[in-house]
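Taken together, the values in this text are just the output of simple stated rules run on the coordinates, not laboratory data. The model shown is predicted, which means the values in this text are computed figures rather than measured ones. Heads up, the Cβs are rebuilt from the backbone with ideal geometry, glycines too, and the neighbour counts pull from every protein chain shown.
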Amino acid sequence: MEITFLRHAKTDLNGKGYIATKKDYFLNEIGREQCLRNVFPPNSFNSVYCSPYKRTIETAEIVYPYLEPVVFSNLTQRDLGILNEKMKKDYNIEYLKAVSEYLVNPENAETLQDIVKRLDKFFEYIKLHHDDNSKILVVTHNGIMRIIKKCYLNEVNNIDSQNLGQFKMILRK
């Protein structure tokens, strides 16, 4: 089966300087325009999945309006515990880099192993409910896409956080 991963489009939260936030915003006009420039043709996918955040749902609905997205909580961004709602400018850049590389885990934050466990459950669900010929679209977050590339595809390429980053993965039962 082929899974296409897509980062959600731009919101008013992007570029505000948050380390992480649980704030839930819809796309802004720039984000909607990004989506409209990237609409997939009909019959490109058998199923569409996204995280429960408004920005991923709206991205999924615009880029592939032919199917209602299935909301899957295992696709949410990393919970950074005490760093949620904090500003990058208030922390040392080396510390933040160590956090993003999972070398340091802030209090109450999800570990890399926590996230991989929930992504494993998502992939198990996909394998159970789809056949080898399925084409699936998954709209999620930049950090989740980086983890999938690093832990499942052994790649560490960054996703372009200003645009709809995208990559494909082949998953076999």
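Points to keep in mind about this one:
- Peptides 5-17, 91-103 ordered by average Cβ neighbours within 10 Å, highest first: 5-17, 91-103
- Long pairs among K54/K89; K16/K97; K54/K97, criterion Cα-Cα beyond 21 Å: K54/K89; K54/K97
- Given +1 at the Cβ of Lys and Arg, -1 at the Cβ of Asp and Glu and no other charges, the dipole of the chain around its Cα centre is 180 debye to the nearest 20.
- Label reach from Y152 (point 7 Å along Cα→C-beta): in region 50-76, amide nitrogens under 18 Å belong to 50-53, 56-57, 60, 69-76.
- FRET efficiency, 1/(1 + (r/R0)^6) with R0 22 Å, evaluated for K168 and Y102 via beta carbons: 0.35
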